[in-house]
1. Say the dipole of the chain comes from +1 at the beta carbon of Lys and Arg and -1 at that of Asp and Glu; which of I81, G248, G182 then lies farthest toward its positive end?
2. What net charge is computed for the residues neighbouring G246, neighbours being all others with C-beta under 10 Å from the C-beta of G246, Lys and Arg scored +1, Asp and Glu -1?
3. Please list the non-local residues whose amide H lies under 5 Å from the amide H of E242, H modeled 1.01 Å from N, same-chain partners needing a gap of 5 or more.
4. Can you give the calculated 222 nm mean residue ellipticity of the chain, where each DSSP H run of n ≥ 4 adds -39,500 (n - 2.57) and the sum is split over every residue, rounded to the nearest 500 deg cm²/dmol?
5. Report the percentage of all Cα-Cα pairs in region 76-314 whose separation exceeds 24 Å, rounded to a whole percent.
6. Within the set of other residues whose C-beta is less than 12 Å from the C-beta of F107, count the net charge using Lys and Arg as +1 and Asp and Glu as -1.
7. Please list, ordered by chain and number, the residues whose modelled amide H lies under 5 Å from the amide H of F41; skip anything fewer than 5 residues away on the same chain.
8. Using θ = phi - 60° and the Karplus curve 6.51 cos²θ - 1.76 cosθ + 1.60, what whole-Hz ³J(HN,Hα) does each residue of region 80-88 get, with Gly and Pro shown as x?
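The numbers here are math on the coordinates, done by the rules we state, and not lab data. This structure is a prediction, so every number in the text was calculated from the model and none was measured. Here Cβ is always computed from backbone atoms with ideal geometry, including for glycine, and neighbour counts include all displayed protein chains.
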Amino acid sequence: MLNSDGFIPVKPDHLLKNTMLTFDLFELKYDDYELFRSESFPVTTDMIAEIAEDKERMFFIKETDLGKFHDYQEKYLDTLIASNSTTNLEKAQTIVNVGGQLISELFSDQLNPILINRCNNIVKNLITFLRRSNDAAKFLYVSIPSGYSVYHHSLNVAALSLSLALELNQFKPKDLANLGLGAILHDIGMKTVPQKVINKAGRLNHREYMLVKKHVMWGVRILEELCLLDANAIAVVQDHHERVDGSGYPARKRDDEIHEFGRIAAIADVFDAITSARPYRQAVNPYPALKKMISFRDGFDIQFLKAFIKLLGENR
Ligand SMILES: [Fe+2]
């Protein structure tokens, strides 16, 4: 929620003890925003107790410090996800805010070890959150804006892929980490697709569609040149548009030729694409979206699709 005077409210529960403020914190007093604690101030147990004492007190940050606030949440994400004083919805919203900002940096900056480490941190916390709460996937789903953006799409595909993998219950922690990282980066090759094609309001013509299809090859190339990712993470990027009936791209692989992470991400990718609004069509609700996916099930791993339907059924 944004105030017209350039301040944004911050819930006191989002301030964590034994951390350091990375932004100026203001308190609303008699219609005026008064500086309460400045940037770099340590958040102590006493300060938390003082804030919690009076529930009427309202705290704010400057709108221009929103990026700094998300940096704070990212830095202390482990603590926030483990905290009992924030709700699952607030945890989901924090992951979406922090993840959205990070993924926008992945698409605007050159990839580097720091960015990849930050992705690993988001994935680690996503897995913790999904494991700790049965309805975590639902809260993530409602927290991610429904309008399509490649940032939110990437985060949604990671959340849905990890939810499905946890439902399948056959992967080791290292596998889950690779799946999550690959899913966050699955469309990173879109960086190389011209903006005017990505932002085109109408349907793509044949030449434009051929360009978009190259995002798979470009994504794999970007990640291989980085030399930081496990082959199992890159497999998500390589295989997320392959289909088990051989109708996918770029290699028209079939069945087990497609990496199991590619088969998982394919389901998450298509589901998120159908349930997000695009400039040329409205978002489809989850239930009809699943019906649509069942109608072209020959392209999906049927066991994985069944588990995905069960998962969403549980989360309705
Ligand atoms: Fe893609």
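1. Of the candidates, G248 comes out farthest on the positive side.
2. Counting the neighbours of G246, the net charge comes to -1.
3. Amide H neighbours of E242, under 5 Å, 5+ apart: Y249.
4. So the calculated ellipticity at 222 nm is -17500 deg cm²/dmol.
5. 41 percent
6. Details: positive: K191; negative: E105, D109, D187.
In short, -2.
7. Placed amide hydrogens put L21 under 5 Å from F41.
8. 5, 5, 7, 5, 8, 8, 10, 7, 5
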